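For reference, the structure is listed below as structure tokens.
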Amino acid sequence: MTTTIASTVTEPRARFRHLVGAEWIKLWSLRSTYWVLAIGALAVTGINVNSALTNLDWLSRQDSVTDPGMRFDALSNAFVDPAWQILMVVGASVGALTVFGEYTSGLIRTTFTAVPDRSAVMLAKAVVMTAVMSVLGAVVSVASFGVTQAILREHGGLSIGDPGALRAVVASALLVPLSALVGMAVGALVRHATGSIVTTLVTLTLAPAFLQGDTYRWVKEIGNTMPVTAWNTLIENPAMDFPPGKYAPTLTEAWIVFAAWPPAALAVAVLAVRRRDL
């Protein structure tokens, strides 16, 4: 008599590094990722450089008649507000795409079937997003600062060691991964391409614009908690010694905003995918 023993073969559990590798492949398998990031980086750097060149031309023609008391803020040319808001939208859009893209294509079902731990999947996405967007932010921030300040070197251009310069470069670099994580949270909540993009635009750019002014302190205080408002505080040139606005956030408060948004956005993204059906 022959006895056959059946054995059950279990697949090894995916390690977190495997999840990160899978999310990395998903991100770069989209051809649009390369184009969006490249065009966004070039557009933002180009806007900043154009601002510096325009001001250089104006300053060159004004040298003989300029009021000696006039002060020119060269640092602001490296961090033109509309340009960096464009990069925020780029980062947030790519972050949202990594989530809603899987929902709209149905790939998310396969992902969660292979890896039931939804929190681990979202954490892996966040690691990839943070790494890629940190590099993007650093490249654009350093390039914008270096080129614009070299152009304006005869008119107060700064070096990285000057007061406020390093802070502005670091804050600008960190603004991009922060925006990407906010985009992930929105993508997990909305799960629709158009809705996600519109919601990120409202959250990161339009809402802060409505929460300005100093008529009502509570409105201004809410506005101070927005990333772009904190960023504007962190890129200010201390050499200009401009008087602070009414209810303006301090540098410490601005850094707290930068520190609070990423974990809050990640928590929202994780809770959204864990508590909602596919």
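Worth a mention:
- Candidates Leu234, Pro263, Val44 compared by Cα position along the dipole of the chain: farthest toward the positive end lies Pro263, with charges placed on Cβ.
- Kirkwood hydrodynamic radius computed over the chain comes to 20.6 Å, based on all pairs of distinct alpha carbons.
- Within a Gaussian network of the chain (alpha carbon springs, distance under 10 Å), most fluctuating of Val186, Val36, Val99: Val36
- Surface accessible to a 1.4 Å probe, per residue, for the residues of segment 202-266, Å²: 56 Å²
- Karplus 3J(HN,Hα) series, Hz, for segment 149-155 with 6.51 cos²θ - 1.76 cosθ + 1.60 (x for Gly, Pro): 6, 5, 4, 9, 4, 8, 10
- Surface calculation, 1.4 Å probe, protein heavy atoms: Ser134 sits at approximately 40 Å² accessible.
- Rounded Å value of the spacing that divides the Cα centres of segment 123-156 and segment 197-249: 21 Å
- ³J(HN,Hα) computed for each position of segment 156-165 - Karplus, 6.51 cos²θ - 1.76 cosθ + 1.60, integer Hz, glycine/proline x: x, x, 9, 9, 5, x, 6, x, x, 5
- Choice from Thr200, Thr111, Thr45 showing the highest fluctuation, given a GNM over the chain with Cα pairs closer than 10 Å: Thr111
- 0 to 90° range, to nearest 10: angle between helix 31-62 axis and the chain longest Cα axis: 10 degrees
- Protein accessible area in the chain, 1.4 Å probe - carbon and sulfur %: 65 percent
- 3J(HN,Hα) along segment 216-232: 10, 5, 5, 5, 5, 5, 5, x, 5, 8, 7, x, 5, 5, 4, 4, 4 Hz, from the Karplus curve 6.51 cos²θ - 1.76 cosθ + 1.60 with θ = phi - 60°, whole Hz, x for Gly and Pro.
- Paramagnetic reach from Arg71 (point 7 Å along Cα→Cβ, amide N under 14 Å) across segment 228-247: 236-245
- C-alpha long axis of helix 251-275 to longest principal axis of the chain, angle in °: 20 degrees
The values are calculated or read from the model by the stated rules, or taken from the named source; none is laboratory data. Bear in mind that the values here come from a model prediction, so they are computed numbers and not experimental data. For neighbour counting, all protein chains shown are included, and Cβ atoms are generated from backbone atoms with ideal geometry for every residue, glycine included. SASA here: full protein model, heavy atoms, side chains in, ligands and nucleic acids out. Shrake-Rupley method; radii C 1.70, N 1.55, O 1.52, S 1.80 Å.
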